[in-house]
Amino acid sequence: MQTISLKRSIKISPEQLFMLSVLLVNGGNYLYNLILGRILGPEQFADAAVLITFLLVLSFVAMTFQLVTAKFSVLFEDDLFKSFISKVYKYAFAAGISFGALIVIFSKQLQQLFNTSSSDMFIVFGIGVPLYFLMSVNRGVFQGKKEFKFLSITYQAEMLSRLIITLGLLFLFNIQSSLVIAIGILISFGFGLIPFKFKNLRFNTSVVIQASKTKLVRNFFIITAFYEFTQIIINNSDILLVKHYFESYEAGLYASLALIGRIVYFIAWMFVMLLLPTVVQLKKEGKATAPILFKYVGYIATIASIIILCCSLFPETAITLLFGKSYLAIAPLLWKYALATGLFAVSNIFAYYYLSLDRYVPVIFSGIFGMLQMGLVIFFHESLEQVVHMQIVAMILLLIFQIIYFVIDSKTQLSRS
(Lines give C-alpha, C1' and ligand atoms only; values in the text may rest on other atoms or scores of the structure.)
Protein backbone atom coordinates (compact mmCIF):
# COMPACT_ATOMS: atom_id res chain seq x y z
CA MET A 1 0.00 0.00 0.00
CA GLN A 2 2.85 2.37 0.85
CA THR A 3 4.52 1.63 -2.49
CA ILE A 4 1.32 2.38 -4.42
CA SER A 5 0.76 5.68 -2.57
CA LEU A 6 4.37 6.70 -3.17
CA LYS A 7 4.03 6.10 -6.91
CA ARG A 8 0.87 8.19 -6.97
CA SER A 9 2.49 11.03 -5.02
CA ILE A 10 5.40 11.39 -7.46
CA LYS A 11 3.29 11.37 -10.61
CA ILE A 12 4.45 14.16 -12.96
CA SER A 13 1.80 16.30 -14.63
CA PRO A 14 2.08 17.25 -18.33
CA GLU A 15 2.83 20.86 -17.31
CA GLN A 16 5.66 19.75 -15.02
CA LEU A 17 7.01 17.48 -17.75
CA PHE A 18 7.03 20.42 -20.16
CA MET A 19 8.84 22.64 -17.62
CA LEU A 20 11.50 19.97 -17.15
CA SER A 21 11.77 19.65 -20.92
CA VAL A 22 12.22 23.41 -21.32
CA LEU A 23 14.98 23.37 -18.72
CA LEU A 24 16.71 20.62 -20.69
CA VAL A 25 16.26 22.52 -23.96
CA ASN A 26 17.66 25.72 -22.47
CA GLY A 27 20.50 23.72 -20.94
CA GLY A 28 21.27 22.16 -24.32
CA ASN A 29 21.15 25.54 -26.07
CA TYR A 30 23.50 26.95 -23.46
CA LEU A 31 25.88 24.04 -23.90
CA TYR A 32 25.78 24.66 -27.66
CA ASN A 33 26.69 28.32 -27.20
CA LEU A 34 29.30 27.69 -24.54
CA ILE A 35 31.14 25.10 -26.63
CA LEU A 36 31.07 27.44 -29.63
CA GLY A 37 32.47 30.23 -27.47
CA ARG A 38 35.34 28.06 -26.27
CA ILE A 39 36.15 26.60 -29.70
CA LEU A 40 35.96 29.83 -31.68
CA GLY A 41 37.33 32.43 -29.24
CA PRO A 42 35.94 35.99 -28.82
CA GLU A 43 36.53 37.24 -32.39
CA GLN A 44 35.07 34.27 -34.29
CA PHE A 45 32.34 33.84 -31.69
CA ALA A 46 31.17 37.35 -32.60
CA ASP A 47 30.19 36.02 -36.07
CA ALA A 48 28.47 33.03 -34.51
CA ALA A 49 26.63 35.36 -32.14
CA VAL A 50 25.15 37.23 -35.11
CA LEU A 51 23.69 33.97 -36.45
CA ILE A 52 22.41 32.99 -33.01
CA THR A 53 20.86 36.44 -32.65
CA PHE A 54 19.21 36.06 -36.07
CA LEU A 55 17.80 32.75 -34.81
CA LEU A 56 16.37 34.51 -31.74
CA VAL A 57 14.92 37.27 -33.93
CA LEU A 58 13.33 34.62 -36.16
CA SER A 59 11.87 32.88 -33.11
CA PHE A 60 10.20 36.10 -31.99
CA VAL A 61 8.74 36.80 -35.44
CA ALA A 62 7.44 33.24 -35.76
CA MET A 63 6.17 33.39 -32.17
CA THR A 64 3.41 35.69 -33.44
CA PHE A 65 1.96 32.78 -35.41
CA GLN A 66 2.52 30.39 -32.51
CA LEU A 67 0.70 32.57 -29.95
CA VAL A 68 -2.20 33.30 -32.31
CA THR A 69 -2.52 29.59 -33.02
CA ALA A 70 -2.30 28.73 -29.32
CA LYS A 71 -4.96 31.22 -28.26
CA PHE A 72 -7.54 30.35 -30.90
CA SER A 73 -6.87 26.63 -30.54
CA VAL A 74 -8.46 27.12 -27.12
CA LEU A 75 -11.37 29.25 -28.38
CA PHE A 76 -12.19 27.50 -31.69
CA GLU A 77 -13.44 23.93 -31.97
CA ASP A 78 -14.26 21.26 -34.56
CA ASP A 79 -14.70 22.50 -38.17
CA LEU A 80 -14.06 26.12 -37.21
CA PHE A 81 -10.69 25.14 -35.74
CA LYS A 82 -9.79 23.12 -38.86
CA SER A 83 -10.59 26.05 -41.13
CA PHE A 84 -8.68 28.46 -38.90
CA ILE A 85 -5.56 26.32 -38.66
CA SER A 86 -5.38 25.70 -42.41
CA LYS A 87 -5.44 29.46 -43.04
CA VAL A 88 -2.74 30.05 -40.42
CA TYR A 89 -0.48 27.51 -42.11
CA LYS A 90 -0.94 29.23 -45.48
CA TYR A 91 -0.14 32.68 -44.11
CA ALA A 92 2.77 31.40 -42.03
CA PHE A 93 4.39 29.62 -44.98
CA ALA A 94 3.95 32.71 -47.18
CA ALA A 95 5.50 34.90 -44.47
CA GLY A 96 8.38 32.44 -44.08
CA ILE A 97 9.15 32.49 -47.80
CA SER A 98 9.04 36.31 -47.82
CA PHE A 99 11.36 36.74 -44.83
CA GLY A 100 13.72 34.02 -46.06
CA ALA A 101 13.92 35.59 -49.52
CA LEU A 102 14.74 39.00 -48.05
CA ILE A 103 17.60 37.51 -46.00
CA VAL A 104 19.01 35.72 -49.06
CA ILE A 105 18.66 38.76 -51.36
CA PHE A 106 20.31 41.15 -48.89
CA SER A 107 22.96 38.71 -47.61
CA LYS A 108 25.84 40.89 -48.91
CA GLN A 109 24.41 43.98 -47.22
CA LEU A 110 23.93 42.05 -43.98
CA GLN A 111 27.56 40.96 -44.11
CA GLN A 112 28.70 44.56 -44.41
CA LEU A 113 26.28 45.86 -41.77
CA PHE A 114 27.35 43.38 -39.09
CA ASN A 115 31.01 43.06 -40.13
CA THR A 116 30.84 39.27 -40.61
CA SER A 117 33.43 37.20 -42.48
CA SER A 118 30.92 35.64 -44.90
CA SER A 119 27.58 36.30 -46.56
CA ASP A 120 26.97 32.59 -47.27
CA MET A 121 25.84 31.99 -43.70
CA PHE A 122 22.91 34.38 -44.24
CA ILE A 123 21.92 32.58 -47.46
CA VAL A 124 21.82 29.16 -45.74
CA PHE A 125 19.91 30.64 -42.82
CA GLY A 126 17.36 32.30 -45.11
CA ILE A 127 16.61 28.99 -46.86
CA GLY A 128 15.47 27.50 -43.56
CA VAL A 129 13.14 30.32 -42.51
CA PRO A 130 9.92 28.89 -44.10
CA LEU A 131 10.43 25.63 -42.18
CA TYR A 132 10.66 27.55 -38.92
CA PHE A 133 7.32 29.27 -39.54
CA LEU A 134 5.59 25.95 -40.22
CA MET A 135 7.20 24.56 -37.08
CA SER A 136 5.86 27.47 -35.00
CA VAL A 137 2.25 26.93 -36.11
CA ASN A 138 2.58 23.23 -35.32
CA ARG A 139 3.86 24.15 -31.85
CA GLY A 140 1.01 26.62 -31.40
CA VAL A 141 -1.52 23.80 -31.81
CA PHE A 142 0.28 21.71 -29.18
CA GLN A 143 0.49 24.70 -26.83
CA GLY A 144 -3.18 25.68 -27.18
CA LYS A 145 -4.43 22.11 -26.82
CA LYS A 146 -2.04 21.62 -23.86
CA GLU A 147 -0.42 18.65 -25.59
CA PHE A 148 2.78 19.31 -23.68
CA LYS A 149 4.32 15.92 -24.47
CA PHE A 150 4.36 16.66 -28.20
CA LEU A 151 5.39 20.28 -27.55
CA SER A 152 8.34 19.03 -25.51
CA ILE A 153 9.39 16.61 -28.26
CA THR A 154 9.52 19.29 -30.97
CA TYR A 155 11.71 21.57 -28.84
CA GLN A 156 13.97 18.67 -27.82
CA ALA A 157 14.33 17.52 -31.44
CA GLU A 158 15.35 20.98 -32.62
CA MET A 159 17.84 21.53 -29.80
CA LEU A 160 19.48 18.09 -29.91
CA SER A 161 19.84 18.01 -33.70
CA ARG A 162 21.42 21.47 -33.78
CA LEU A 163 23.81 20.59 -30.95
CA ILE A 164 24.90 17.22 -32.37
CA ILE A 165 25.10 18.22 -36.05
CA THR A 166 26.90 21.54 -35.55
CA LEU A 167 29.45 20.26 -33.05
CA GLY A 168 29.89 17.07 -35.08
CA LEU A 169 30.77 19.07 -38.20
CA LEU A 170 33.15 21.31 -36.23
CA PHE A 171 35.00 18.43 -34.57
CA LEU A 172 35.03 15.93 -37.45
CA PHE A 173 36.10 18.33 -40.20
CA ASN A 174 37.89 20.92 -38.04
CA ILE A 175 36.17 23.75 -39.95
CA GLN A 176 35.72 26.74 -37.66
CA SER A 177 33.27 28.50 -39.92
CA SER A 178 30.05 30.40 -39.42
CA LEU A 179 28.75 28.54 -42.50
CA VAL A 180 28.93 25.25 -40.56
CA ILE A 181 26.85 26.83 -37.79
CA ALA A 182 24.29 28.03 -40.36
CA ILE A 183 24.03 24.50 -41.83
CA GLY A 184 23.44 23.07 -38.36
CA ILE A 185 20.67 25.60 -37.73
CA LEU A 186 19.02 24.83 -41.09
CA ILE A 187 18.95 21.07 -40.48
CA SER A 188 17.63 21.55 -36.93
CA PHE A 189 14.55 23.33 -38.34
CA GLY A 190 13.64 20.12 -40.15
CA PHE A 191 13.98 18.06 -36.97
CA GLY A 192 11.92 20.69 -35.10
CA LEU A 193 8.91 19.73 -37.23
CA ILE A 194 8.80 16.36 -35.43
CA PRO A 195 6.06 15.44 -34.55
CA PHE A 196 4.02 17.21 -37.24
CA LYS A 197 0.21 16.94 -37.44
CA PHE A 198 -0.32 16.60 -41.18
CA LYS A 199 -4.11 16.38 -40.72
CA ASN A 200 -4.09 20.10 -39.83
CA LEU A 201 -2.35 20.97 -43.11
CA ARG A 202 -5.32 21.38 -45.47
CA PHE A 203 -5.49 23.66 -48.49
CA ASN A 204 -9.24 23.37 -49.10
CA THR A 205 -11.73 23.99 -46.30
CA SER A 206 -15.51 24.17 -46.56
CA VAL A 207 -16.12 26.18 -43.38
CA VAL A 208 -16.11 29.97 -43.72
CA ILE A 209 -14.94 31.85 -40.65
CA GLN A 210 -17.39 34.56 -39.56
CA ALA A 211 -16.33 38.17 -40.14
CA SER A 212 -16.45 38.92 -36.41
CA LYS A 213 -14.12 36.01 -35.60
CA THR A 214 -11.81 36.90 -38.48
CA LYS A 215 -11.56 40.43 -37.12
CA LEU A 216 -10.80 39.05 -33.65
CA VAL A 217 -7.98 36.90 -35.04
CA ARG A 218 -6.62 39.75 -37.17
CA ASN A 219 -6.57 42.23 -34.27
CA PHE A 220 -4.82 39.75 -31.98
CA PHE A 221 -2.32 38.91 -34.72
CA ILE A 222 -1.48 42.59 -35.32
CA ILE A 223 -0.97 43.44 -31.65
CA THR A 224 0.99 40.22 -31.04
CA ALA A 225 3.22 40.97 -34.04
CA PHE A 226 3.81 44.45 -32.63
CA TYR A 227 4.68 43.00 -29.23
CA GLU A 228 7.05 40.40 -30.66
CA PHE A 229 8.71 43.24 -32.57
CA THR A 230 9.33 44.99 -29.24
CA GLN A 231 10.77 41.70 -27.95
CA ILE A 232 13.19 41.64 -30.86
CA ILE A 233 14.32 45.19 -30.10
CA ILE A 234 14.76 44.67 -26.37
CA ASN A 235 16.34 41.22 -26.60
CA ASN A 236 18.57 41.49 -29.64
CA SER A 237 19.21 45.08 -30.73
CA ASP A 238 22.00 45.48 -28.16
CA ILE A 239 24.03 42.56 -29.59
CA LEU A 240 23.59 43.74 -33.18
CA LEU A 241 24.39 47.35 -32.29
CA VAL A 242 27.49 46.31 -30.36
CA LYS A 243 28.59 44.21 -33.35
CA HIS A 244 28.13 47.33 -35.49
CA TYR A 245 29.83 49.89 -33.22
CA PHE A 246 32.61 47.82 -31.59
CA GLU A 247 35.52 45.69 -32.77
CA SER A 248 35.05 41.93 -33.13
CA TYR A 249 36.92 41.16 -29.88
CA GLU A 250 34.69 43.43 -27.78
CA ALA A 251 31.59 42.22 -29.64
CA GLY A 252 32.55 38.62 -28.81
CA LEU A 253 33.01 39.52 -25.15
CA TYR A 254 29.60 41.18 -25.11
CA ALA A 255 27.98 38.16 -26.77
CA SER A 256 29.24 35.93 -23.95
CA LEU A 257 27.95 38.45 -21.40
CA ALA A 258 24.51 38.48 -23.03
CA LEU A 259 24.37 34.69 -23.15
CA ILE A 260 25.04 34.28 -19.43
CA GLY A 261 22.91 37.26 -18.37
CA ARG A 262 19.87 36.03 -20.29
CA ILE A 263 19.50 32.85 -18.27
CA VAL A 264 16.64 34.43 -16.36
CA TYR A 265 14.80 35.43 -19.54
CA PHE A 266 14.90 31.91 -20.97
CA ILE A 267 13.56 30.53 -17.69
CA ALA A 268 10.79 33.17 -17.77
CA TRP A 269 9.85 32.06 -21.29
CA MET A 270 8.95 28.66 -19.85
CA PHE A 271 6.31 30.26 -17.63
CA VAL A 272 5.00 32.42 -20.49
CA MET A 273 4.30 29.27 -22.53
CA LEU A 274 2.11 27.99 -19.70
CA LEU A 275 0.59 31.40 -18.87
CA LEU A 276 -1.18 32.22 -22.14
CA PRO A 277 -3.44 29.14 -22.58
CA THR A 278 -4.17 29.08 -18.84
CA VAL A 279 -5.29 32.72 -18.72
CA VAL A 280 -7.38 32.34 -21.90
CA GLN A 281 -9.10 29.26 -20.46
CA LEU A 282 -9.80 30.95 -17.10
CA LYS A 283 -11.25 33.98 -18.87
CA LYS A 284 -13.41 31.69 -21.02
CA GLU A 285 -14.75 30.05 -17.84
CA GLY A 286 -15.34 33.41 -16.11
CA LYS A 287 -12.77 32.76 -13.36
CA ALA A 288 -10.23 35.13 -11.75
CA THR A 289 -6.95 35.42 -13.66
CA ALA A 290 -4.87 37.73 -11.42
CA PRO A 291 -3.70 34.90 -9.07
CA ILE A 292 -1.92 33.26 -12.02
CA LEU A 293 -0.13 36.54 -12.74
CA PHE A 294 0.99 36.89 -9.11
CA LYS A 295 2.18 33.30 -9.08
CA TYR A 296 4.38 33.64 -12.16
CA VAL A 297 5.69 37.12 -11.25
CA GLY A 298 6.73 35.68 -7.90
CA TYR A 299 8.54 32.78 -9.57
CA ILE A 300 10.41 35.01 -12.02
CA ALA A 301 11.32 37.68 -9.45
CA THR A 302 12.75 35.02 -7.13
CA ILE A 303 14.74 33.28 -9.85
CA ALA A 304 16.03 36.61 -11.19
CA SER A 305 17.15 37.74 -7.73
CA ILE A 306 19.11 34.52 -7.17
CA ILE A 307 20.83 34.75 -10.56
CA ILE A 308 21.72 38.44 -10.08
CA LEU A 309 23.14 37.69 -6.63
CA CYS A 310 25.26 34.81 -7.95
CA CYS A 311 26.52 36.95 -10.84
CA SER A 312 27.44 39.69 -8.36
CA LEU A 313 29.27 37.40 -5.93
CA PHE A 314 31.00 35.04 -8.39
CA PRO A 315 31.37 36.83 -11.76
CA GLU A 316 34.89 35.63 -12.56
CA THR A 317 34.06 32.06 -11.56
CA ALA A 318 30.99 32.05 -13.80
CA ILE A 319 32.87 33.50 -16.79
CA THR A 320 35.82 31.11 -16.38
CA LEU A 321 33.67 28.00 -15.99
CA LEU A 322 31.36 28.82 -18.88
CA PHE A 323 33.58 30.51 -21.47
CA GLY A 324 37.17 30.42 -20.25
CA LYS A 325 39.74 32.96 -19.09
CA SER A 326 39.88 34.75 -22.45
CA TYR A 327 36.48 36.29 -21.61
CA LEU A 328 37.33 37.51 -18.07
CA ALA A 329 37.45 41.18 -19.10
CA ILE A 330 33.66 41.24 -19.15
CA ALA A 331 33.18 39.83 -15.61
CA PRO A 332 32.44 43.18 -13.82
CA LEU A 333 29.40 43.74 -16.06
CA LEU A 334 27.81 40.34 -15.53
CA TRP A 335 25.50 41.20 -12.62
CA LYS A 336 24.44 44.46 -14.28
CA TYR A 337 23.39 42.70 -17.47
CA ALA A 338 21.56 40.06 -15.41
CA LEU A 339 19.73 42.90 -13.62
CA ALA A 340 18.59 44.43 -16.92
CA THR A 341 17.38 41.02 -18.13
CA GLY A 342 15.63 40.26 -14.85
CA LEU A 343 13.72 43.54 -14.97
CA PHE A 344 12.65 42.80 -18.52
CA ALA A 345 11.59 39.24 -17.67
CA VAL A 346 9.23 40.45 -14.93
CA SER A 347 7.82 43.17 -17.19
CA ASN A 348 7.30 40.54 -19.87
CA ILE A 349 4.99 38.50 -17.64
CA PHE A 350 2.70 41.54 -17.23
CA ALA A 351 2.64 42.16 -20.99
CA TYR A 352 1.83 38.55 -21.91
CA TYR A 353 -0.82 38.39 -19.19
CA TYR A 354 -2.68 41.38 -20.61
CA LEU A 355 -2.10 40.17 -24.16
CA SER A 356 -3.94 36.98 -23.20
CA LEU A 357 -6.86 39.14 -22.00
CA ASP A 358 -6.94 41.22 -25.21
CA ARG A 359 -5.69 44.30 -23.32
CA TYR A 360 -2.92 46.04 -25.20
CA VAL A 361 -1.68 49.08 -23.23
CA PRO A 362 1.22 47.11 -21.60
CA VAL A 363 2.22 45.96 -25.10
CA ILE A 364 2.44 49.61 -26.17
CA PHE A 365 4.62 50.31 -23.11
CA SER A 366 7.00 47.56 -24.24
CA GLY A 367 7.21 49.11 -27.69
CA ILE A 368 7.93 52.59 -26.33
CA PHE A 369 10.65 51.49 -23.93
CA GLY A 370 12.11 49.02 -26.41
CA MET A 371 12.65 51.91 -28.82
CA LEU A 372 13.98 54.00 -25.93
CA GLN A 373 16.55 51.30 -25.11
CA MET A 374 17.72 51.10 -28.71
CA GLY A 375 17.88 54.90 -28.97
CA LEU A 376 19.90 55.19 -25.76
CA VAL A 377 22.43 52.61 -27.00
CA ILE A 378 22.72 54.37 -30.38
CA PHE A 379 23.53 57.68 -28.70
CA PHE A 380 25.49 56.38 -25.70
CA HIS A 381 27.95 53.62 -26.58
CA GLU A 382 31.37 54.89 -25.53
CA SER A 383 31.98 51.62 -23.69
CA LEU A 384 30.31 48.26 -23.14
CA GLU A 385 29.53 49.33 -19.58
CA GLN A 386 27.61 52.35 -20.86
CA VAL A 387 25.62 50.10 -23.21
CA VAL A 388 24.55 47.94 -20.25
CA HIS A 389 23.67 51.00 -18.14
CA MET A 390 21.37 52.30 -20.87
CA GLN A 391 19.48 49.00 -20.85
CA ILE A 392 19.06 49.08 -17.08
CA VAL A 393 17.57 52.58 -17.26
CA ALA A 394 15.08 51.59 -19.97
CA MET A 395 14.01 48.37 -18.22
CA ILE A 396 13.51 50.05 -14.82
CA LEU A 397 11.19 52.57 -16.46
CA LEU A 398 9.32 49.80 -18.32
CA LEU A 399 8.68 47.79 -15.13
CA ILE A 400 7.51 50.91 -13.25
CA PHE A 401 4.98 51.70 -15.97
CA GLN A 402 3.74 48.08 -16.09
CA ILE A 403 3.17 48.02 -12.32
CA ILE A 404 1.42 51.41 -12.34
CA TYR A 405 -0.88 50.23 -15.12
CA PHE A 406 -1.71 47.02 -13.23
CA VAL A 407 -2.56 48.94 -10.04
CA ILE A 408 -4.78 51.45 -11.89
CA ASP A 409 -6.45 48.71 -13.95
CA SER A 410 -7.14 46.57 -10.85
CA LYS A 411 -8.81 49.50 -9.09
CA THR A 412 -10.89 50.22 -12.19
CA GLN A 413 -12.04 46.60 -12.42
CA LEU A 414 -13.00 46.58 -8.71
CA SER A 415 -15.02 49.79 -9.04
CA ARG A 416 -16.97 48.29 -11.97
CA SER A 417 -17.81 45.07 -10.14
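The values are calculated or read from the model by the stated rules, or taken from the named source; none is laboratory data. No experiment lies behind these values; they were computed from the predicted model shown. As a convention, Cβ positions derive from the backbone with ideal geometry for all residues, glycine included, and neighbour counts pool all protein chains shown.
Observations
Yes/no matrix, rows are residues, columns are (1) modelled with pLDDT under 80; (2) among the β-branched types (Val, Ile, Thr); (3) not assigned by TED's automatic domain parsing to the domain that holds residue 318:
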{"position": "175", "(1), (2), (3)": "yes, yes, yes"}
{"position": "179", "(1), (2), (3)": "no, no, yes"}
{"position": "196", "(1), (2), (3)": "no, no, yes"}
{"position": "201", "(1), (2), (3)": "yes, no, yes"}
{"position": "250", "(1), (2), (3)": "no, no, no"}
{"position": "270", "(1), (2), (3)": "yes, no, no"}
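- Residue in segment 396-407 that is crowded, with 17+ Cβ neighbours inside 10 Å, at pLDDT below 90 and within 22 Å of the chain's Cα centre (by Cα) present: no
- Checked against (1) surrounded by 18 or more Cβ atoms within 10 Å (Cβ to Cβ); (2) part of a helix (DSSP H, G or I); (3) more than 21 Å from the chain's Cα centre (by Cα), residue 50 passes all but a single condition, namely (3).
- Test: residue in segment 372-393 that is under 30 Å from residue 287 (Cα atoms), among the small types (Gly, Ala, Ser), modelled with pLDDT of 85 or more and assigned to a helix (DSSP H, G or I): no
- Restricted to segment 59-105, and to residues there that are among the aliphatic types (A, V, I, L, M), modelled with pLDDT under 85 and farther than 15 Å from residue 276 by Cα, the residue that is surrounded by the fewest Cβ atoms within 10 Å (Cβ to Cβ) is 80.
- Residues being among the charged types (D, E, K, R) and surrounded by fewer than 17 Cβ atoms within 10 Å (Cβ to Cβ) - total across segment 20-47: 2
- Evaluation of residue 89 against (1) of a type in the set (Phe, Trp, Tyr); (2) under 21 Å from residue 148 (Cβ atoms); (3) touching a residue at least 40 places away in the same chain (Cβ under 8 Å) (one fails), failing number: (2)
- Counting the residues of segment 377-399 that are within 11 Å of residue 340 (Cα to Cα) and of a type in the set (S, T, N, Q) gives 1.
- Residue 301 passes every criterion in (1) farther than 23 Å from residue 386 by Cβ; (2) modelled with pLDDT under 85; (3) not acidic (Asp, Glu) apart from (2).
- Within segment 75-89, the residues that satisfy the criterion of being farther than 10 Å from residue 137 by Cα and not hydroxyl-bearing (Ser, Thr, Tyr) are 75, 76, 77, 78, 79, 80, 81, 82, 84, 87.
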